[in-house]
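> Handing you this structure, nothing more for now.
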Amino acid sequence: MSEANSSNKGFKLENLFSVKDRVALITGGGSGIGLMATQALATNGAKVYICGRTGEKLDKVVELYGKDIPGQIIPLQADITRKDSIRELVKEVEKREKCLCILINNAGIELNTQQTEAETTKEMSKNLFEDENETFELWADTFKTNAAQLFFMTTAFLPLLQNASEMHHGYSGTVINITSISGVVKTSQHHFAYNTSKAAAIHLNTMLSNEVAMNGFKVRINGVAPGVFPSEMTAGESGGDQKSFIPKEKYESKTPARRPGKETDMANAILFAATNQYLNGQNIIVDGGYVIQAGGGP
């Protein structure tokens, strides 16, 4: 083989985006974006551990999508909002694997919708402050699941992620935090607590990547910020295939793409974030152009 042909080989898709034989852990892997990420990795040869609170949901994913694929899907029941449960999850992965190549923190909490439009400040105050569902406890739970668990999951698995970097030449263990465009846009989108928690998740992602890099550890930490994708949160339910559906016409006027995201759109973003060794500390927006229309940034 000539030097030119040998060099060209590195540009083949199977090399550029290879996750073959990588070990991954995905929280909330039983449906929605977590399931999209699970299929993207396992279908391309990765061993994927999926965790969540509901064992039946995880087992269903294995039954439906874990057969006749190059990789594996393995269920692990865990509550990632509790430190003791995270410790047990780390121990369980350590028993089975020498390293963790990819950690995807996807689990998130549903949101409480509020009426933000008002003709007077008195009306706005009533809509937002007097809403019985909007409580300090709701805000605390939202932050615990959407922001704090990213911190505890990432820091707990750092040694296993670093092991991946040391074991695989030219590769760095990676964390992909699923954030949201709701943490980027200026509008509340009728849910202040959710959007604030996602903004916190994005900044946490930045701080973690900085601190890990400043300590000289070779672990990349990035975020993927989805727009509207079919999930139990956005569609309200999932079917027997653990997947959700959003009618295209519902978002025809809301995004330049004129549709909600497809599972392959998310799969493509996950593979990019997982395999690009020069990507670190970024929050990748995958939203069909929603932020362009809604206005984003600080």
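> Over the chain, with the other protein chains present, what is the accessible area per residue in square angstrom, probe 1.4 angstrom?
52
> Here's something else I'd like to know. Here is the link list: Lys57/Lys254; Lys20/Lys98; Lys57/Lys262; Lys20/Lys198; Lys20/Lys91. Which ones come out longer than 20 Å on Cα distance?
Among Lys57/Lys254; Lys20/Lys98; Lys57/Lys262; Lys20/Lys198; Lys20/Lys91, the Cα-Cα distance tops 20 Å for Lys57/Lys254; Lys57/Lys262; Lys20/Lys198; Lys20/Lys91.
> Looking at the range 11-98, which chymotrypsin sites (Phe, Trp or Tyr not before Pro) are DSSP coil and have at most 10 other C-beta atoms within 10 Å of their C-beta?
Taking the range 11-98 and a limit of 10 other Cβ atoms within 10 Å, the loop chymotrypsin sites (Phe, Trp or Tyr not before Pro) found are Phe11.
> So, one more: For Lys57, Lys83, what's the largest-to-smallest order of accessible area, 1.4 Å probe?
Largest accessible area first, the residues go Lys83, Lys57.
> Give, rounded to the nearest 20 debye, the magnitude of the charge dipole that the chain has about its Cα centre when Lys and Arg contribute +1 at Cβ and Asp and Glu contribute -1 at Cβ.
I would put it at about 920 debye.
> Among DSSP bridges having both ends in the chain, what percentage is antiparallel? Round to the nearest 5.
Counting only bridges with both partners in the chain, antiparallel ones make up about 5 percent.
> Then there is this: Determine the relative contact order of the chain: mean sequence separation of Cα pairs under 8 Å and six or more apart, normalised by residue count, in whole percent.
Taking the mean separation of contacting Cα pairs over the length of the chain, I get 19 percent.
> Oh, and also: Would you work out the charge dipole size for the range 91-181 about its Cα centre, treating the Cβ of every Lys and Arg as +1 and the Cβ of every Asp and Glu as -1, and quote it to the nearest 20 debye?
My answer is approximately 720 debye.
> A further question on this structure: How would His169, His190, His203 rank on accessible area, largest to smallest, probe 1.4 Å?
I get His169, His203, His190, largest accessible area first.
> Let me know the shape class of the range 53-98, please: from the alpha-carbon gyration tensor, a ≥ b ≥ c as square roots of the eigenvalues, rounded when a/c is under 1.5, otherwise prolate if a/b is greater than b/c, or oblate.
Because a/c hits 1.5 or more and a/b fails to exceed b/c, the range 53-98 counts as oblate.
> Sticking with this one: Tell me the mean residue ellipticity at 222 nm calculated for the chain from its helices only (DSSP H runs of n ≥ 4, each -39500 (n - 2.57), averaged over every residue, nearest 500).
Rounded to the nearest 500, the figure is -12500 deg cm²/dmol.
> With the dipole of the chain worked out from charges on the C-beta (+1 for Lys and Arg, -1 for Asp and Glu) around the Cα centre, which of Ser209, Gln149, Ile181 lies farthest toward the positive end?
Sorting the options by dipole projection puts first Ser209.
> Turning to a different aspect of this structure: Starting from the range 29-88, pick out the GluC sites (Glu not before Pro) whose DSSP state is loop and whose Cβ has at most 10 other Cβ atoms within 10 Å.
none
> Here is a follow-up. Pop out the carbon and sulfur fraction of the accessible area of the chain as a percent, whole number, probe 1.4 Å.
Solvent-exposed carbon and sulfur of the chain make up 52 percent of the total.
> Shifting gears a bit: Could you calculate the contour length gain from Asn268 to Glu123, that is, 0.36 nm times the residue separation minus the distance between their Cα atoms, to one decimal place in nm?
Contour length minus the Cα-Cα distance gives 47.8 nm.
> Which loop-located GluC sites (Glu not before Pro) does the range 127-209 contain, where loop means any DSSP state but H, G, I, E or B and the Cβ has at most 10 other Cβ atoms within 10 Å?
Listed in order of number, the matching sites are Glu130, Glu132.
> At R0 = 45 Å, how high is the FRET efficiency between Asp84 and Gln293 if r is their beta carbon distance? Nearest 0.05 is fine.
About 0.55, to the nearest 0.05.
> Suppose the chain between Lys20 and Ile69 were pulled fully straight at 0.36 nm per residue; how much longer would it get relative to their current alpha carbon spacing?
16.5 nm
> Here is a further query. Positive end of the charge dipole of the chain (Lys, Arg +1 and Asp, Glu -1 on Cβ, about the Cα centre): tell me which of Asn8, Ala164, Cys101 has its Cα farthest that way.
Looking along the dipole axis, the top candidate is Asn8.
The values are calculated or read from the model by the stated rules, or taken from the named source; none is laboratory data. Remember, it's a predicted structure, so these values are computed and weren't measured experimentally. A quick note on method: Cβ atoms are made from the backbone with ideal geometry, for glycine too, and the neighbour counts reach across all protein chains shown. With ligands, DNA and RNA removed, areas are computed over all heavy atoms of the protein, side chains included. Shrake-Rupley method; radii C 1.70, N 1.55, O 1.52, S 1.80 Å.
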